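The values are calculated or read from the model by the stated rules, or taken from the named source; none is laboratory data. What you are looking at is a predicted structure, and each value in this text was computed from that prediction instead of being measured. Positions of Cβ are backbone-derived with ideal geometry, glycine not excepted, and every protein chain shown enters the neighbour counts.
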Amino acid sequence: MGTPFIVLGRFVADGAGNLVTDFSASTSPVKKSITGTYTVNDDCTGTARIADSTGLARSISFVLVNEAAACSSNALQSGARQSLRFVFTDPGVIGSGTAKQQ
């Protein structure tokens with residue numbers, strides 16, 4: 001059995017495949033930043049490698065969800081409100097979650 005963990009933090013998807021620190025979140029109670037890389041496919045699925053500020057790194061597969069409008073491969077750049085539903089894909093890691101635009 002694996003060790004329980006929580007990945008809680010803030011990030012900005014830059015539209016070029018990078019997850020960068022959310023510097024505008026200085027007033028947020030969530031202080032942990034998440035960085036990494038991502039790829040979004042034309043069907044709104046994708047993969048990412050994320051790391052938090054403690055160095056914990058995980059791989060995820062995800063789907064972008066926007067119930068109000070059609071999704072596109074440019075969804076992270078378009079300004080449309082998206083949520084990202086993900087599952088961890090590292091061997092021995094079980095879990096899933098949702099990232100929401102703030």
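Residues of the stretch 66-102 that are at pLDDT 85 or above, farther than 17 Å from R10 by Cα and surrounded by 15 or more Cβ atoms within 10 Å (Cβ to Cβ): F88, G95. Of all the residues in the stretch 7-36, those that are in contact with a strand residue (DSSP E or B) (Cβ under 9 Å, 6 or more places away or on another chain), at pLDDT below 80 and either within 21 Å of I94 (Cα to Cα) or not β-branched (V, I, T) (or both) number 12.
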